[in-house]
Amino acid sequence: MAPPLLLLQNIALTFGGTPLLESAELSVSPGERLGLIGRNGSGKSTLLKIAAGLIQPDSGTRFAQPGATIRYLPQEPDLSGHANTLAYVEAGLGPGDPDYRARYLLEQLGLTGEEEPSRLSGGEARRAALARVLAPEPDILLLDEPTNHLDLPAIEWLESEINTMRSALVLISHDRRFLEDLTRATVWLDRGATRRMERGFRFFEEWRDQVLEEEERDQQKLARKIVAEEHWMRYGVTARRKRNMRRVGELAALRQEFREHRRALGTVTVTTTEAEVSGKLVVEAEHIAKAYDGRPIVRDLSIRIQRGDRIGIVGPNGAGKTTLLKMLTGELAPDSGTIKLGTNIEMATLDQRRAALDPLRSVRDTLTDGRGDQVFVGGNPRHVIGYMKDFLFSPEQAGTPVSSLSGGERGRLLLACALAQASNLMVLDEPTNDLDLETLDLLEEMIDDYAGTVLLVSHDRDFLDRTVNAVIAYEGDGRWAVYAGGYSDMVAQRGKGVEARGVEKARDAKAGPGAKAAAKPAARRKLSFKEKHALDTLPKRIAELEAEIGKLAGKMQAPNFYTRDPAGFAKASAALEAAQASLSKAEEEWLELEMLREELEG
């Protein structure tokens, strides 16, 4: 087995008197794809910063192979000190790294390279930072929530791009589908320590539940042993003048172990407050349209939404998903067409911008609206501290201002506010932002149990598949279409996922006024830079794979290899299978590109 490129051992770190990391470890070998999983606040981002060499732990060791290139993507990148986004990305290149990668990646991520850092939105800064870490194709990629602020086309492009790279990967993400598609091993950070499973995230939740069940059984055994020892202490020495001090000491140690055991963090208790049943018809839109500055946002859409429907709205950034949502809920009037809301509608809303939260208010005042210590959940009073605990807030956080909360805590607080309202129509605009996997699980269960109607905007493919029974998808140029089922069902019906607006626009261009450029010779299809580069480099890659396959095949043919080292044989067999699959893929890609080149040049 190749030595690790990066190794963290016995990492410990304490913040504010509370241990965050106690015995955390991380090992990254060449080409490994690791998912780093844990609750919000468990220390995942901190551990990744230690891996990147940005934070020094209180104790433990960090080793990085000399010469290994490591690139780290923070949640909040800093582009200051650079003239534009191209300069920022090029500054991340190392000696000998090809310059074309910077422009190519910026273009793929929807940037020109001329953007001024001070004028970038959070999403644009995120895209520039992604281009910077991907450009050198480093030995190790450390990615902290890379899909934040990205729309579906960008997420699926990023997934594809990482899959083509040879870099090892350590990934923090709350996007299940992204984790499932990219990871081959999982590191679980729980209560300051790490556990590792040599399988991808797809198998994580089952493994986690087994670990916690075993831990609970061990704690129950320990508790029973304490009871037995206490019984002996009380009744087993009544006839003796001198106690067995060894057993007294053992009992004290058992009690100490039981007290100091750090139990798994609690789970969010999510319940909804349901209003009276709405009418059967919730929303009826007929031939609605909306445009801004001459650009169509919604064009001739008709839809009937009935009680109990779960409707997902998907599309690229800038397509108008939030505008469509506001039109369907009556907050925004259409330019033409009609929207009719049903009877007895009580709406609860979760805003993606967290605009409903006053940053100067405390958590207590946000939940109670400044009226004492009672939260009215569906008209029934509950003490604010008890309700806070349902959403994993400690009593000490009651007076904490909203501005001091993390993104995940703000998301949970807004969720608590929304779910306290009596409603029969739940409007969720990007509800998964900053929520950890356990909270997402419970939010999915809440939606499944909710008796009312749900309108949902999300870029999370797995969340959509688990929650909605119909999807309104952006088709380009203001057109939207309704598909039955979740996101995967929509993809199966359309034959493709959500595309970026530029791609849609190019595909939908038709002959006629405004399409004259299509007839000009300058518009003739040419190989892109990426296609040319792939055509030049794939033969070398194919030769390397053929050599690797020959080496592995020879190794496996060695006499008694399986009987001497079954584990090594299994590993070599898996590596051979992976190399053969990579070779087949590379050969197919080269053949397709060569045929395309001949067609274009002919």
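Figures for the structure shown
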| read-out | value |
| --- | --- |
| Single unsatisfied condition, LEU414 versus (1) touching a helix residue (DSSP H, G or I) at 6+ places or on another chain (Cβ under 8 Å); (2) buried (at least 21 other Cβ atoms within 10 Å of the Cβ) | (1) |
| Candidate set from segment 382-406 (those that are in contact (Cβ under 8 Å) with a residue 60 or more places away in the chain, surrounded by 13 or more Cβ atoms within 10 Å (Cβ to Cβ) and of a type outside the set (D, E, K, R)); member that is nearest to THR366 (Cα to Cα) | PHE391 |
| Long-range neighbours under 7 Å by Cβ, at least six apart or interchain, first residue assigned by TED's automatic domain parsing to the domain that holds GLY411 and surrounded by fewer than 16 Cβ atoms within 10 Å (Cβ to Cβ) within segment 334-353, second of a type in the set (Asp, Glu) and at pLDDT 80 or above | THR338/GLU286; LYS340/GLU284 |
| Which listed residue is under 28 Å from SER406 (Cβ atoms), in contact (Cβ under 8 Å) with a residue 60 or more places away in the chain and in a loop (DSSP other than H, G, I, E, B), from GLY308, GLY318 | GLY318 |
| Complete set of residues in segment 499-527 that are buried (at least 18 other Cβ atoms within 10 Å of the Cβ), among the charged types (D, E, K, R) and at pLDDT 50 or above | GLU499, ARG501 |
| From the options LEU464, LEU443, LEU415, LEU419, residue that is of a type in the set (A, V, I, L, M), more than 17 Å from ALA348 (Cβ to Cβ) and assigned to a helix (DSSP H, G or I) | LEU464 |
| Residue check for TRP188: among the aromatic types (Phe, Trp, Tyr), part of a strand (DSSP E or B) and either in contact with a Lys or Arg (Cβ under 6 Å, 6 or more places away or on another chain) or over 12 Å from LEU73 (Cβ atoms) (or both) | yes |
| Hits in segment 45-76 - residues which are touching a Leu at 6+ places or on another chain (Cβ under 9 Å) and under 26 Å from THR164 (Cβ atoms) | LEU48, ALA51, ALA52, ALA64, GLN65, ALA68, ILE70, ARG71, TYR72, LEU73, PRO74 |
| Test: GLY31 is at pLDDT below 95 and under 11 Å from ILE140 (Cβ atoms) | yes |
| Subset of segment 146-164 that is in a loop (DSSP other than H, G, I, E, B) and either of a type in the set (Phe, Trp, Tyr) or surrounded by 21 or more Cβ atoms within 10 Å (Cβ to Cβ) (or both) - its residue that is farthest from the chain's Cα centre (by Cα) | ASP151 |
| VAL133 of a type in the set (Val, Ile, Thr) and in a helix (DSSP H, G or I) | yes |
| Test result for ALA553, within 30 Å of ARG199 (Cβ to Cβ), assigned to a helix (DSSP H, G or I), within 33 Å of the chain's Cα centre (by Cα) and free of Cβ contacts under 8 Å to residues at least 24 places away in the same chain | no |
| Exclusive hit being of a type in the set (A, V, I, L, M), at pLDDT 80 or above and surrounded by fewer than 16 Cβ atoms within 10 Å (Cβ to Cβ), set ALA567, ALA572 | ALA567 |
| Top-ranked residue in segment 20-68 [being assigned to a strand (DSSP E or B) and over 26 Å from the mean Cα position of the chain (by Cα); ranked as surrounded by the fewest Cβ atoms within 10 Å (Cβ to Cβ)] | THR61 |
| Any hit, segment 127-150, residues being among the hydroxyl-bearing types (Ser, Thr, Tyr), farther than 24 Å from ARG461 by Cβ and modelled with pLDDT under 95 | no |
| All positions within segment 478-498 that are of a type outside the set (A, V, I, L, M), surrounded by fewer than 18 Cβ atoms within 10 Å (Cβ to Cβ) and not in a strand (DSSP E or B) | GLY485, SER488, ASP489, GLN493, ARG494, GLY495, LYS496, GLY497 |
| Whichever residue in segment 459-485 is out of contact with any Phe, Trp or Tyr (no Cβ under 9 Å at 6 or more places or on another chain) and of a type in the set (Ser, Thr, Tyr) and, among such residues, is farthest from VAL283 (Cα to Cα) | THR467 |
| For THR112: the one exception among (1) of a type in the set (S, T, N, Q); (2) crowded, with 18+ Cβ neighbours inside 10 Å; (3) touching a Leu at 6+ places or on another chain (Cβ under 8 Å) | (2) |
| Residue count for segment 150-177, restricted to those that are farther than 30 Å from THR14 by Cα and in contact with a strand residue (DSSP E or B) (Cβ under 8 Å, 6 or more places away or on another chain) | 4 |
| Near pairs, Cβ below 9 angstrom, 6+ apart or cross-chain, from segment 532-545 (in contact (Cβ under 8 Å) with a residue 60 or more places away in the chain and under 15 Å from THR164 (Cα atoms)) to any residue that is of a type in the set (A, V, I, L, M, F, W, C) and outside any helix (DSSP H, G or I) | LEU535/LEU527 |
| One residue from GLU588, GLU592 being modelled with pLDDT under 80, surrounded by 11 or more Cβ atoms within 10 Å (Cβ to Cβ), farther than 30 Å from GLY318 by Cβ and among the acidic types (Asp, Glu) | GLU592 |
| Single unsatisfied condition, ILE140 versus (1) under 20 Å from GLY497 (Cβ atoms); (2) of a type outside the set (D, E, K, R); (3) surrounded by 20 or more Cβ atoms within 10 Å (Cβ to Cβ) | (1) |
| Given (1) outside any helix (DSSP H, G or I); (2) modelled with pLDDT under 80, index of the condition ALA451 fails | (2) |
| Odd one out for SER167 among (1) hydroxyl-bearing (Ser, Thr, Tyr); (2) buried (at least 20 other Cβ atoms within 10 Å of the Cβ); (3) touching a Phe, Trp or Tyr at 6+ places or on another chain (Cβ under 9 Å) | (3) |
| Condition check for LEU325: surrounded by 18 or more Cβ atoms within 10 Å (Cβ to Cβ), within 20 Å of ASP465 (Cα to Cα), touching a residue at least 40 places away in the same chain (Cβ under 8 Å) and not small (Gly, Ala, Ser) | yes |
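The values are calculated or read from the model by the stated rules, or taken from the named source; none is laboratory data. Just so you know, these numbers come straight off a predicted model, no measurement behind them. Please note: Cβ atoms are built from the backbone with ideal geometry, for glycine as well, and neighbour counts cover all protein chains shown.
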